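The structure under discussion appears below in the form of structure tokens.
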Amino acid sequence: MRIIVTGGGGFLGRLLIEGLQAAGASDIVVVEIADADVPGCQVVQGDLARDDLLPALLEDAPCTVFHLASVVSAGAEADWEHAVDQNLGGMLRLLEACRHSPHLHKVVFASTLAVFGGFTAGGEVGDFVKQTPSGTYGTTKAIGELLINDATRKGHIDGRSARLPTVIVRSGAPNAAASGFASGMFREPLNGLPSVVPVAEETPMVVGSAQNTAICIQMLGEVDGDDLGHDRAVGIPGLTATVAEMLAVLEKVGGAEARGLVEMKYDPGVDALVRSWPAVLDDERGRSLGLPADADLESMVRAYMETLNR
């Protein structure tokens, strides 16, 4: 079966592809807006929201599409038009290509816990809590989830949405995510570089390791659609940690020197956006589907440390 990964040149996409290749996948096509070198994959470069990239890729046989391409949180807040154009335009192009294909394709959409907000801000949510996003990013993702549900109901796709926690520790350069500091506060100090945290120490976040998140996205693509029912959005298991708890783990793993490289520089706008997200995730449904979870925050950071020593 052909596997298509939009946004597959990014950090999470590359981890997902490594897992797919380890499971024996060989026909993997990466769709990227920028040029990318992804070992063992065909790369198709273009703008998913504007270019007809998918019809030819979907015509031969049923495929699995992992739709990761997205304008992320802070970037979406800064440029509403671009976020709507890319996040919704790309999804509509994808669903249109699937609808006109002679085959039924499986689509796994990378969503986010930022689909929640408003009355759920800072509280506990589960898969069936009403979506009331407090940001443009979460709004476009909530719309994407509904489109996945409707396209599945109509028989155009076999869809499912993975609601991702804040993923740590992301390697590489920082991105435009408001939550990016949660990776940066580990990544930079553990590499001997300074880092800035723009939120209060008591700010809570639902976090998951990059490795476990990629595994869960892959496994969600393998779940029988009948087990998901009408609502195809599943919370990927994550755990709650405050910034203070993250800093304590940083010091435990990297020592006082690493902790000393973190500067607390409060930004009320970033803190308000992060606090609009859920603080606790009821991930019972995801776990019941067989999705694994990280053991604790320290193991997540040490897993990143292992990648530095390879």
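Some notes on this structure:
- In nm, spacing of pseudo-spin labels at residue 252 and residue 266 (7 Å Cα→C-beta vector): 2.7 nm
- Among 137, 304, 266, a tally of other beta-carbon atoms within 10 Å of each Cβ gives an order, fewest to most, of 266, 304, 137.
- Alpha-carbon radius of gyration plus Dmax, which is the widest Cα pair, for the chain in Å: 18.7, 59
- Sorting 301, 115, 107, 253 by the number of Cβ atoms found within 10 Å of their own Cβ, with the fewest placed first, yields 253, 301, 107, 115.
- Max mean-square fluctuation residue, GNM over the chain, Cα-Cα springs under 10 Å, options 184, 290, 135: 290
- On the beta carbon distance between residue 202 and residue 34, with R0 = 22 Å, the FRET formula returns roughly 0.05.
- Taking the centroid of alpha carbons for each part, the range 5-49 and the range 64-116 are 16 Å apart.
- Between residue 132 and residue 78, the FRET efficiency estimated from the beta carbon spacing at R0 = 22 angstrom works out to 0.50.
- Entry note, the chain: the mean residue ellipticity at 222 nm calculated from DSSP H runs of n ≥ 4, each adding -39500 (n - 2.57), is -11000 deg cm²/dmol after division by the residues and rounding to the nearest 500.
- Taking 0.36 nm per residue of separation and subtracting the Cα-Cα distance, full extension of the segment from residue 306 to residue 1 would add 106.6 nm.
- Cα gyration tensor shape for the range 227-310, rounded if a/c is under 1.5, else prolate or oblate: oblate
- Calculated FRET efficiency, residue 100 to residue 287, Cβ-Cβ distance, R0 = 25 Å: about 0.10 to the nearest 0.05.
- Rg/Rh for the range 144-255, where both radii come from Cα atoms and Rh is the Kirkwood radius: 1.09
- Alpha-carbon gyration tensor eigenvalues x 5, square-rooted, for the range 267-310, Å: 25, 22, 7
- Of 80, 277, the sequence from fewest to most neighbouring Cβ atoms within 10 angstrom is 80, 277.
- Residue with peak Gaussian network fluctuation, the chain [Cα springs, cutoff 10 Å], from 62, 39, 194: 39
- Bridgeable lysines around residue 106 (alpha carbons under 27 Å apart, same-chain partners fewer than 8 residues away excluded): 130, 141, 154.
Read-outs throughout are calculated quantities, based only on the coordinates presented, and are distinct from any laboratory measurement. This structure is a prediction, so every number in the text was calculated from the model and none was measured. Don't worry about glycine lacking a Cβ; one is built from the backbone with ideal geometry, like all the others, and counts go over all protein chains shown.
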